[in-house]
Amino acid sequence: MLLLALDTATPAVTVALHDGSSVVARSSQVDARRHGELLLPAVDRVLADAGLRLDAVTAVVAGVGPGPYTGLRVGLMTAETFGLALGVPVHGVCTLDGLAYASGIETGPFVVATDARRKEVYWARYDDARTRVTDAAVDRPADIAAEVEGLPAVGAGALLYPEVFPEARAPEHVSAAALASLAAERLAAGEELLEPRPLYLRRPDAQVPKNYKVVTPR
């Protein structure tokens, strides 16, 4: 087994290779505006670090979000393209699950929260690093204060709002190494992973304008 994992649902552009036993190479860069520019060079870099070629990959794992429309699209389309080119399966993993796994918190409950912009967070609640107990959601921190009160929290969204998440801690962004390790565990246990479909939770910012004037030639 050689899993190629990648995620662009947060400001981190992150890629890793996992051989079924451990992570053999990884790369993470934080730049919210350059997902498309940084992702493929990161894939090349981890393959070179591992001394492997792309055709050695047996499956692709992609973070499905939740996350912004543009960032998610970069990672998932790249994963789908690799899957088609190589003839290998493409699996999805919730980005919040990757952060929970990387936290190493073995006994909960706790919360994972990433920055959703617009003064909101993407979040979910966990019983431990491998067990999510709520669906991913997007909310204003003040609106969920009662639900998360007193709970440890992981992720950039939690760190942004210490008044709601006073026990916020690292990691700040997801790592593909954690996604790959979680996916490898689940596959080894015979679990079915998600389809590689984006978890947007809200509509994209770009909208077709309403009541626009139609101009036709005379």
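The values are calculated or read from the model by the stated rules, or taken from the named source; none is laboratory data. A quick note: this is a predicted structure, and the numbers were derived from the prediction, not measured. Using ideal geometry, Cβ is built from the backbone for each residue, glycine included, and neighbour counts are taken over all protein chains shown. Protein only, heavy atoms only, side chains kept; ligands, DNA and RNA dropped before computing areas. Shrake-Rupley method; radii C 1.70, N 1.55, O 1.52, S 1.80 Å.
Sort 112-120, 82-90 for me by packing, meaning the mean count of neighbouring Cβ atoms within 10 Å per residue, highest on top.
Output ranking for 112-120, 82-90: 112-120, 82-90.
I'd like the distance between the alpha-carbon centres of region 13-48 and region 84-104, rounded to an integer number of Å.
Between the Cα centre of region 13-48 and that of region 84-104, the gap is 13 Å.
Once all Cα-Cα distances of the chain are split into 10 Å bins that start at 0, what whole-number percent is in each one?
Result returned by the calculation: 9, 35, 32, 16, 5, 2, 0, 0.
Please list 137-146, 173-182, 122-131 highest first by mean number of surrounding beta-carbon atoms within 10 Å per residue.
Top of the packing list down: 173-182, 122-131, 137-146.
Send over the semi-axes of region 1-81's equivalent ellipsoid, whole angstrom and largest first, taken as the square roots of 5 times the C-alpha gyration tensor eigenvalues.
Values for region 1-81, descending: 21, 13, 10 Å.
For the chain, which whole percent of the accessible surface, found with a 1.4 angstrom probe, sits on carbon and sulfur atoms?
Taking all protein chains in place, the chain shows 51 percent carbon and sulfur surface.
By the scheme Lys and Arg +1, Asp and Glu -1, what is the net charge of all other residues having a beta-carbon under 12 Å from that of Ala145?
So the surrounding residues net to -4.
Relative contact order for region 62-120: what is it in percent, counting Cα pairs under 8 Å that are at least 6 residues apart?
Relative contact order here is 38 percent.
For region 78-131, list log₁₀ I(q)/I(0) at each q in 0.20, 0.22 Å⁻¹, using the Debye formula over Cα point scatterers of equal strength and ignoring solvent, two decimals each.
Ignoring solvent entirely, the Cα scatterers give -0.74, -0.79.
Where nothing but the Cβ of Lys and Arg (+1) and of Asp and Glu (-1) is charged, how large is the charge dipole of the chain around its Cα centre, in debye to the nearest 20?
That gives the chain a dipole magnitude of about 1140 debye.
Per residue, how large is the accessible surface of region 47-112? Use a 1.4 angstrom probe and give square angstrom.
38 Å²
What distance in nm separates the two pseudo spin-label positions at Arg34 and Ser22, each 7 Å out from Cα along the beta-carbon direction?
Spacing of the two 7 Å Cα→Cβ label points: 3.1 nm.
Considering the convex hull of the alpha carbon atoms of region 26-121, report its projected area averaged over all viewing directions, in nm², one decimal.
Quarter of the Cα hull surface area: 7.4 nm².
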